[in-house]
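Worksheet: one structure, shown below.
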Amino acid sequence: LLNFLKERNIKGLFFCLGENVKKYPELCKKIIEDGHTIGNHTYSHKKINEVSRAVIDEEISKTNNLLKKELDYEIKYFRPPHGRFTFFTNIILKKHNLKNVMWSLLTWDYKGDYVTVKDSILNCLKKNSIVVLHDSDKTKSILLDSLSLVIEEAKKRNFEIGEPKNCLK
């Protein structure tokens, strides 16, 4: 994926789980070195609407602290697992100086079905879309094709793919 993005001069925003940052620090380092952005997706992908405010805070803090300590990286963006949040989410995000980033185009790629992804992209891609794709066992065989389709459709529709830091102001 990183090579694919580099070849096309595209910068992405990778919402990482803290537990994966801990497991794969070299991959995270490479993401940063390649000029991409890393966002906080909690430490262990807990549904934050099902846990206490203290647990949410810990999940966010632990991930932020890990990136800061291991890679000297300051996280600016947050995306809640499953897109779920509570009334306290914004209070906690303000405490950590994080901006919540949701999506406008869910590709349903996590189901592992390229036809579903294709339908989603063809029917829902709009100017200024924030497209979410996942890296998992279910998506690994369709991820590059899915991203290729996003790029191809964006080009057909005369959309530009912007850098996260510019698009999320």
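The values are calculated or read from the model by the stated rules, or taken from the named source; none is laboratory data. Nothing here was measured: the structure is a model prediction, and the numbers come from that model. Cβ atoms come from the backbone with ideal geometry, glycine included; neighbour counts cover every protein chain shown. The protein model used for the area step is the full one, side chains on, heavy atoms only, and it has no ligands, DNA or RNA in it. Shrake-Rupley method; radii C 1.70, N 1.55, O 1.52, S 1.80 Å.
Worth a mention:
- Each residue of segment 133-139 was assigned a 3J(HN,Hα) from its phi angle through the Karplus curve 6.51 cos²θ - 1.76 cosθ + 1.60 (θ = phi - 60°); the sequence is 10, 10, 10, 7, 4, 6, 9 Hz, with glycine and proline shown as x.
- One chain, two ends: LYS155 and LEU71. Fully extended at 0.36 nm per residue, the span grows by 26.8 nm beyond their Cα-Cα distance.
- Cα pair distances of segment 1-89 binned at 10 Å [whole percent]: 17, 48, 27, 8, 0
- Across segment 58-169, counting alpha-carbon atoms alone, Rg and Dmax equal 15.9, 43 Å.
- Here the accessible area of the chain is 50 percent carbon and sulfur, with a 1.4 angstrom probe and all protein chains present.
- Computed about its Cα centre, the charge dipole of the chain is approximately 480 debye, with only Lys, Arg, Asp and Glu carrying charge at their Cβ.
- Normalised per residue, the accessible area of segment 127-169 is 72 Å², obtained with a 1.4 Å probe and no contribution from ligands, DNA or RNA.
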